[in-house]
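I have placed the structure first, in the form of structure tokens, so that the comments after it can refer back to it.
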Amino acid sequence: MLTKEKAKEIIKDTVKRSIIDFAQKSLNKKPKFQILDLIIPKERKIRSIVGGLETSLGTTLWEPLAKALAKENGFQIINKNLESPVNMPANLSNTLQNIIEERKRNNGIYNAVSSHEEIKRVCKVFLVRPITAFESAPKGFGVDIWLKKDGINYFFDTKTVQPNIGAYSKFVEQILNWYTFFYSRFPQEKAEARIVFPYNPHKENFWDKTMGKGKPLEQNNEGWVENQFWDFCSGLDDTYSLIVESFSELRETKELENDINKMLLLKSS
């Protein structure tokens, strides 16, 4: 069983390794010249690393961290992506589009649970007439993290904690497509999908402060914030506090900063 001490060790190691690997890849790229390189070359390189890290935090940090904690908590890590039918049957395609449109209208005809159940019901026909041809899911409908435990498949995608207008409708569409892809191929299996906001940047409730209270994405049943996700992965309580502590300790010891400075020095020599 994963302990808090072991979890913290995993968190620090994963954070450090992920950031170092990203920094190394960033420094290995052929830089585009900017005039500030003549004045503050080191600061420019650091800004480039930080900027790139900010935009790719999901795949660079949150994804490997979630997988590392989940693995220690007995989850199977599925290192592949969902595939969609090459030619989606008309009944399934029409059902999916109808549910998406109704959910975006947010008129109460479908909620998170009934959307899921309806897609699963329609896919039962594939037990008798299975779909045989699948292909990579369309761009924008991939799964960052696929875990499995006790016969249930879990699909997660980590998102920015400050989504743009219209993003929540896209998140709902993403989840509904995941269910459609999965049950069209595995109509007898079980799945749960969530959009994940890795931390809460507000002092108040995340859903109260976010745009439109997150609608039409349904909190809890479709959207998880902070410890809802991290505690699920680790099996511990208040895992996010361990993440914060790990970040703070890495800053105080300067071990990560020193490693990056060494890389910058080698690159400039």
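Values in this text are rule-based calculations from the coordinates and carry no lab data. This is a predicted model, so every value here is computed, not measured. Cβ sites come from the backbone with ideal geometry, for glycine too, and all protein chains shown count toward neighbours.
Angle check, please: helix 90-105 long axis (alpha carbons) against the longest principal axis of the chain (alpha carbons), in degrees 0 to 90, nearest 10.
That works out to roughly 60 degrees.
Over the chain, what is the percentage of antiparallel beta bridges among all DSSP beta bridges, to the nearest 5? Working shown, then result.
Working: 10 of 21 bridges.
Antiparallel bridges make up about 50 percent of those DSSP assigns within the chain.
Mind pulling the angle between the C-alpha long axis of helix 112-122 and the longest principal axis of the chain? Nearest 10 degrees, somewhere in 0 to 90.
60 degrees
Go through 72-84, 170-182, 110-122 and give me the packing order, highest mean Cβ count within 10 Å leading. Don't jump to the answer; show the numbers that get you there.
Working: 72-84: 15.0, 170-182: 22.9, 110-122: 17.6.
The peptides rank, most packed first, as 170-182, 110-122, 72-84.
If you scale each eigenvalue of the Cα gyration tensor by 5 and take the root, what three semi-axes come out for the chain, rounded to whole angstrom and sorted largest first? Walk me through the intermediate numbers first.
Working: eigenvalues 282, 90, 74 Å².
Working from the Cα gyration tensor, I get semi-axes of 38, 21, 19 Å.
Nothing charged except the Cβ atoms of Lys and Arg (+1) and of Asp and Glu (-1): what's the magnitude of the dipole of the chain about its Cα centre? Round to the nearest 20 debye.
Charge dipole of the chain: 880 debye, to the nearest 20.
So if each residue of separation counts as 0.36 nm, and I subtract the Cα-Cα distance between residue 76 and residue 152, what length gain in nm does that give? Don't skip to the end; give the middle numbers.
Values: separation 76, 0.36 × 76 = 27.36 nm, distance 1.03 nm.
That pair, residue 76 and residue 152, stretches by 26.3 nm at full extension.
A 23 angstrom limit on the alpha carbon distance is what I want to check against. Which of 67/209; 124/159; 6/254; 104/213; 25/203 exceed it?
On the way: 67/209 29 Å; 124/159 31 Å; 6/254 21 Å; 104/213 14 Å; 25/203 35 Å.
Exceeds cut-off: 67/209; 124/159; 25/203.
About its Cα centre, how strong a charge dipole does region 152-269 have in debye, to the nearest 20, once Lys and Arg get +1 and Asp and Glu get -1 at the Cβ? Could the numbers behind the result be given before it?
On the way: 13 positive and 18 negative charges, 113 e Å.
In total the dipole reaches around 540 debye.
Pick out, from 207, 78, 153, the residue whose Cα sits farthest towards the positive end of the charge dipole of the chain, with +1 on the Cβ of Lys and Arg and -1 on the Cβ of Asp and Glu.
About the Cα centre, the residue reaching furthest to the positive side is 78.
Using only the alpha-carbon atoms, how far is helix 167-185 inclined from the longest principal axis of the chain? Give it as 0 to 90 degrees, nearest 10.
Helix 167-185 and the main axis of the chain meet at about 60 degrees.
Each label point is 7 Å from the Cα along the Cα-to-Cβ direction; what then is the distance between the points at residue 134 and residue 104, in nm?
2.6 nm
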